[in-house]
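Asker: For reference, the structure I am asking about is given below.
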Amino acid sequence: MELEANLPVAGALISKGKHMSITGKVALVTGAAQGIGKAIALRLAKDGADIMLVDLHQEKLDAAAAEVRALGRRAFTYIADVSRLEQVTAAVAFAEKELSGLDIMVNNAGIAQVAPLLDVTPEEVDRIMRINVQGTLWGIQAAAKSFKKRGQKGKIINACSIAGHDGFALLGVYCATKFAVRALTQSAARELAVDGITVNAYCPGVVGTDMWVEIDKRMAEVTGAELGATYKKFVDGIALGRAETPDDVAGLVSFLAGPDSDYMTGQAPLIDGGMVYR
Ligand SMILES: NC(=O)c1ccc[n+]([C@@H]2O[C@H](COP(=O)([O-])OP(=O)(O)OC[C@H]3O[C@@H](n4cnc5c(N)ncnc54)[C@H](O)[C@@H]3O)[C@@H](O)[C@H]2O)c1
């Protein structure tokens, strides 16, 4: 009876029928020409956002942008190397100008690297650190400055990985970059909360994109495994019994970009079909 008397109060705390839309918002997605980035761009467009697609390849960007426009949203493309701060800053400025603002920044671009820790060279380490770590940092900087300038409570979403939670053999430096992305996500969340900016990351498992074609090929070179064998070994270890699709990842990013995640910051949730448990 007493519990029942309290129910209306508890019920009042639940906002019924909250509109889960990002209609009219502007999202910038890096690495949007293919793979996970392209799926994210299309999903956020389906959710109602206009999209700035950023990558290194104009033709592929144009094709992805055409798919966004076919969904009825505005789309622009911009060529930028995320490892270059001035290019990322320029991409954000282009979004502000052409799409009249920026609300959601998805720092998705990244590269993989397969090499035994004892063989990896300074040049290889430098390259992946510049793209995966500095690229994410420049994206956080450029987006946060843009949000703060306009008093905008924006969302920053970074590409992490199962490799940001566990160290994997022959992927050691890649793992180091993704652990670093998780560190940047946590620190940025703490620094930017005062401005109403949230910073989260998504951690996919084994997604069937060109990145895994490359990982499988390099693993074959390094270990002598047959082509396809490393990919199969990893997929066989997934509890849900199948490889992940870019759309599986985009679903989580949709949540992180939308109002249902407003009270979440500094997190790096796993979406991997059951590989790494935290
Ligand atoms: N594929 C997976 O299994 C997997 C798993 C976990 C995390 N991730 C992460 O997800 C992100 C996307 O991966 P994907 O599988 O779609 O890879 P992908 O190789 O298919 O696509 C990556 C895109 O990023 C672009 N890119 C690379 N370097 C860039 C740079 N310096 N500047 C701008 N664009 C650049 C590429 O041109 C490409 O279009 C990466 O950060 C990756 O580390 C992938």
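Values in this text are rule-based calculations from the coordinates and carry no lab data. Here the structure is a predicted model, which means the values were calculated and not measured. Cβ coordinates were reconstructed from backbone atoms using ideal geometry, including for glycine residues, and neighbour counts include every protein chain displayed.
Asker: Classify the stretch 167-278: rounded, prolate or oblate, from the alpha-carbon gyration tensor (a ≥ b ≥ c, eigenvalue square roots; a/c under 1.5 rounded; otherwise prolate if a/b is larger than b/c)?
Answerer: prolate
Asker: If Lys and Arg each add +1 and Asp and Glu each add -1, what is the summed charge of the other residues whose beta carbon sits under 12 Å from the beta carbon of V249?
Answerer: -2
Asker: Still on this structure: Taking only C-alpha pairs under 8 Å that are 6+ residues apart, what is the relative contact order of the chain in percent?
Answerer: Computed over the chain, the figure is 18 percent.
Asker: What ranking, highest mean first, results for peptides 101-108, 114-121 when packing means the other Cβ atoms within 10 Å averaged over each residue?
Answerer: 101-108, 114-121
Asker: Distance between Cα centroids, the stretch 232-272 to the stretch 148-214: provide it in whole Å.
Answerer: 12 Å
Asker: Quick check of the Kirkwood formula: for the stretch 98-200, what is the inverse mean of 1/r over all pairs of different Cα atoms, in Å?
Answerer: Computed over the stretch 98-200, the radius equals 14.3 Å.
Asker: Calculate the FRET efficiency for L71 and K145 from the Cβ-Cβ distance with a Förster distance of 25 Å, rounded to the nearest 0.05.
Answerer: Step by step, r from the Cβ atoms, then E = 0.25.
Asker: Let's see if you can work this out: charge +1 on each Lys and Arg Cβ, -1 on each Asp and Glu Cβ, no other charges. What is the dipole magnitude of the chain about its Cα centre, in debye to the nearest 20?
Answerer: 740 debye
Asker: Hand me the trypsin sites (Lys or Arg not before Pro) from the stretch 56-85 located in a DSSP loop with no more than 13 other Cβ atoms within 10 Å, in residue order please.
Answerer: Loop-located and lightly packed - none at all.
Asker: Which listed residue (A243, M105, T223) has the Cα farthest towards the positive end of the charge dipole for the chain, taking +1 on Lys and Arg C-beta and -1 on Asp and Glu C-beta about the Cα centre?
Answerer: Highest projection toward the positive end goes to M105.
Asker: I need the trypsin sites (Lys or Arg not before Pro) found in the stretch 204-270, filtered to DSSP loop residues with at most 12 other beta carbons within 10 Å of theirs.
Answerer: R242
Asker: Another question, then. Rounded, prolate or oblate: which fits the stretch 212-267, taking a ≥ b ≥ c as square roots of the Cα gyration tensor eigenvalues, rounded meaning a/c under 1.5, else prolate when a/b beats b/c?
Answerer: It comes out prolate by the Cα gyration axes.
Asker: Pop a pseudo-label 7 angstrom from the Cα along the beta-carbon direction at both E214 and K97 and give the gap in nm to one decimal.
Answerer: Taking the simple label geometry, E214 and K97 are separated by 3.0 nm.
Asker: How big is the stretch 18-155 in terms of Cα radius of gyration and Dmax, in angstroms?
Answerer: Expressed in Å, the Cα Rg and Dmax of the stretch 18-155 come to 15.5, 53.
Asker: Obtain the nm distance between the two label points defined at A225 and F168 by a simple spin-label model: each point lies 7 Å from its Cα along the Cα-to-C-beta direction.
Answerer: Placing both labels 7 Å along Cα→Cβ, they lie 0.9 nm apart.
Asker: Can you list the lysines whose alpha carbon is less than 23 Å from that of K148, not counting same-chain residues fewer than 8 positions off?
Answerer: Filter leaves K25, K97.
Asker: Determine, for I157, I51, the number of other Cβ atoms within 10 Å of each Cβ, and report the residues in order from fewest to most.
Answerer: I157, I51
Asker: Sticking with this one: What do you get for Rg/Rh of the chain when both radii come from the Cα atoms and Rh is the Kirkwood radius?
Answerer: Rounded to two decimals, Rg/Rh equals 1.01.
Asker: Also, quick follow-up: With charges only on Cβ, +1 for K and R and -1 for D and E, what is the dipole size of the stretch 120-278 about its Cα centre, in debye, rounded to 20?
Answerer: Taking the Cα centre of the stretch 120-278 as origin, the dipole is about 700 debye.
Asker: How tilted is helix 246-257 with respect to the longest principal axis of the chain? Cα atoms for both, answer in degrees (0 to 90, nearest 10).
Answerer: Taking Cα atoms only, the helix is inclined about 40 degrees.
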